[in-house]
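Here's the structure, in structure tokens; my notes come after.
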Amino acid sequence: MPLAVVGASHRTAPIEHRERFALGRAEVPGALLGLAADGSEAVVLSTCNRTEVYLSLPDGSDGVEQARALLSARIGHDPSAAARYFYVHRDRQAAEHLFRVSSGLDSMILGEPQIQGQVKEAYAAAREVAGENGPVVGQALHRLFQTAFSIGGRVRSETGLGIGAASVSSAAVDLAKKIFGSLKGRRALVLGAGEMSETTLECLRDEGVRTAIVANRTFDRAAELAERLGGEAIHWEEFGAALPQVDIVICSTSAPHPVLTVERLRAALPHGPRRPLCIIDIAIPRDVETAVADQPNVFLYNIDDLQQIVDDNLGRRRAQLPQAETIVSQGVEDFWAWYSSLAVVPTIRALRDRGEAMRRAEVERALRQLSHLSPEDQLAIDALTRSLVNKVLHAPTARLRDAAGNGRGTGVLDTVRYLFELDRDAHGSGEPGKDGNG
């Protein structure tokens, strides 16, 4: 069963199309059942930066075209018009692609950790789906994804690819953690409700920030963000009063001048903060007056501080790429050796079935002439011939597996099937031991 992956990602499709390619959790089972209707195995991975269909296909399947059609329909294009957004990888390249995805090597942010969990969730969701042909995840995709999890884990544990913040949002979290240690139970105030402040707040909440207060000049937008993140919206004029209640302030407005000045901070905290106050200003132009950093117990960081951290960390991550790529390559070789061996399993089974049928026929013939032997002696003859057949077939079986792993399986398979007349048996012509050569 050939492997394939059909997908679109941040490398091939603009965000307005990636949003539409994405399948919601409720849509995935129906998509999987459609893809697996011809006996294919299927897993759908859908994140904000990629939607991919992994397939193990029976001979003659048009599963790749079905996957293209599934994704094309989501943006209202026919498959030929949408083809420029898609990539298709087959066999070894499909396995390598998944291993790179799971390791964070194909992410928009090199080494980002979330993708491993997203791949696991996609696999787990597919494992719960079964159609007329049985579960949509069978032996091939099960082994493929289990290997991907192992390789992703090795890349993260054996290299420094995931060390250090690699986005402005994650850098902000790292800085806050340096000040407070654990962020569990801390309170945050967000000034502005744009994408950057939202993402930063999400990262902070992932680290355990307890309460989020959102202030925006458009109150409805503040209320929308607060509702989504389980926080509280306040009117813009009230944010000064909220300063004494929080540990972290995220500033990301579009104001042309500072909105948090020394004067406003002193008005809210006339005696200064009683505990550390971390202010993260990710606005351009800056939202926070530079003199705020001179106030006692205040830690102010701007976009340049964060970007420098990101750049330094990405440089260190890139230095780990050769080691990570080596782990992926080794994983591909090991998986492909196993996967290629599946092609020889029917021939090995047929070879052993033929050997066993011939052995059994000859033993029965011999024992008819040796009826005077005791039951113990007859069992000894049966065991002796069984052992002999196993020893004779051991080397051919091992060589078949080796040939499959080395890419020479097809030629060797044809030779073995010809020499042992396995195709004749498959077509029902002749009984073992009855063809004059047994």
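Just so you know, all these numbers are worked out from the coordinates, no wet-lab data involved. This is a predicted model, so every value here is computed, not measured. Neighbour counts are summed over all protein chains in view; Cβ atoms, including those assigned to glycine, are modelled from backbone coordinates with ideal geometry.
Observations on the model:
- Separation in nanometres of the label points that stand 7 Å from Cα toward Cβ, at I163 and K178: 1.6 nm
- Listed candidates [x] 64, 23, 18; [y] 39, 31, 20; [z] 37, 22, 20 - label of the one calculated as semi-axes √(5λ) of the Cα gyration tensor in Å: [x]
- Spin-label model distance (nm) - T261 vs V345, 7 Å beyond Cα toward Cβ: 7.4 nm
- Each of D311 and E238 was given a label point 7 Å from its Cα along the Cα-to-Cβ line. The distance between the two points is 4.1 nm.
- Per residue, the Cα convex hull of the range 122-231 amounts to 149 Å³.
- Tail fraction, Cα-Cα pairs, the range 168-314, threshold 19 Å, whole percent: 46 percent
- Residues of the range 75-91 falling in the label zone of D62, defined by backbone nitrogen less than 15 Å from a point 7 Å along Cα to beta-carbon, are 79-80.
- Nearest-0.05 FRET efficiency for E27 and I381, computed from C-beta distance (R0 56 Å): 0.35
- Rounded to 5, percent antiparallel among DSSP beta bridges of the chain: 45 percent
- Relative to the longest principal axis of the Cα atoms of the chain, helix 409-419 runs at roughly 20 degrees.
- Given their separation in residues at 0.36 nm each and the Cα-Cα distance between them, K391 and E202 gain 61.8 nm when the chain is fully extended.
- Computed from Cα positions, the angle between helix 321-341 and the longest principal axis of the chain comes to roughly 30 degrees.
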